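Notes to accompany the following structure.
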Amino acid sequence: MIGVLVSGEGSNLQALLDAGLPVSAVASSRARARALERAAGAGVPALAFPLEDFVDRAQRDATMANWLQEHGVRLVVCAGYMHLLTTVFLERFPDRIVNVHPSLLPQFPGARAIDDALAAGVETTGVTVHLVDEGLDTGPVVRQEPVPVEPRETLLERIHAVEHRLLPEVVGELCAR
Ligand code: GRF
């Protein structure tokens, strides 16, 4: 069973749902996120865990981990989840948390990866699926696919198209393990 962490639009969550993967719970860092509507639309239990409802990040992460485990989650997918995960969460799902990131890591970590690639003037950027650790987009790479920067007008949509294919593919393989 898969738990998906989200913060916003949820197009990668949608790709996982459309691929028929066994998503059993969706947790959001924000109460108002299109991703929560997508989960509800698919009949998947979804809940927001906004930081301001908790004493600190560790308490939020412990509560979120409990909720996911109550829903049978054994693999966690960060799909546009905009917070770092604390040790308390990572220890609950050892080597079973992946993230999708819109660059060829270790190039361009962080929330502005596509803009950073454009600003750096590289010819090729891409998509990475990697295991999550305490760092900002630093865990071991599971799969990468390059995407040419030009034509830059369509870069965003081409990156998203690769994400929406690559993420369900990798997650499907991890589920089978
Ligand atoms: C994706 O580009 C993902 O790589 C990045 O944030 C974006 C989330 O998009 N981490 P969505 O919420 O899945 O539509």
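The values are calculated or read from the model by the stated rules, or taken from the named source; none is laboratory data. Keep in mind it's a predicted model, so treat the numbers as computed, not measured. Virtual Cβ from ideal backbone geometry, glycine too; neighbours counted across all protein chains shown. Side chains included, ligands, DNA and RNA excluded: accessible areas come from the protein's heavy atoms. Shrake-Rupley method; radii C 1.70, N 1.55, O 1.52, S 1.80 Å.
Add -39500 (n - 2.57) for each DSSP H run of 4 or more in the chain, then divide by its residues: what number comes out at 222 nm, to the nearest 500 deg cm²/dmol?
-10500 deg cm²/dmol
Nearest 5 percent is fine: what portion of the DSSP beta bridges confined to the range 1-132 is antiparallel?
Working: 4 of 19 bridges.
In the range 1-132, approximately 20 percent of DSSP beta bridges are antiparallel ones.
Please compute the net charge surrounding Glu123, taking Lys and Arg as +1 and Asp and Glu as -1 over other residues with Cβ under 12 Å from its Cβ.
Around Glu123, the surrounding residues sum to 0.
On average, how much accessible surface per residue is there in the chain, in Å², for a 1.4 Å probe, leaving out ligands, DNA and RNA?
47
Using each residue's phi in the range 90-106, evaluate 6.51 cos²θ - 1.76 cosθ + 1.60 at θ = phi - 60° and report the 3J(HN,Hα) Karplus result to the nearest Hz, with x for Gly and Pro.
Once θ is set to phi - 60°, the couplings for the range 90-106 become 4, 5, 7, 9, x, 6, 10, 10, 10, 9, 10, 9, x, 6, 8, 4, x Hz.
Can you list the HN-Hα couplings for the range 74-81, worked out from phi with the Karplus curve (6.51, -1.76, 1.60; θ = phi - 60°), rounded to whole Hz and with x for Gly and Pro?
For the range 74-81, the Karplus curve yields 10, 9, 10, 10, 8, 10, x, 8 Hz.
So if I place +1 on the C-beta of Lys and Arg and -1 on the C-beta of Asp and Glu, and nothing else carries charge, what would the dipole magnitude of the chain be about its Cα centre? I want it in debye, nearest 20.
That gives the chain a dipole magnitude of about 380 debye.
Rounded, prolate or oblate, given the Cα gyration tensor of the chain, with a/c below 1.5 counting as rounded?
Judged from the Cα gyration tensor, the chain comes out prolate (a/c at least 1.5, a/b above b/c).
Mind giving me the FRET efficiency for Phe54 and Leu84? R0 is 25 Å, r the Cβ-Cβ distance, nearest 0.05 is fine.
E(calc), rounded to 0.05, equals 0.95.
Give the shape of the range 111-177 as rounded, prolate or oblate, defined through the alpha-carbon gyration tensor: a ≥ b ≥ c are the square roots of its eigenvalues, a/c under 1.5 means rounded, and otherwise the shape is prolate if a/b is larger than b/c and oblate if not.
It comes out oblate by the Cα gyration axes.
Subtract the Cα-Cα distance of Ala161 and Thr138 from 0.36 nm times their separation in residues, and report this length gain in nm to one decimal.
The Ala161-Thr138 span can extend by a further 6.0 nm.
Of the heavy-atom accessible surface of the chain (probe 1.4 angstrom), what whole percent is carbon and sulfur?
53
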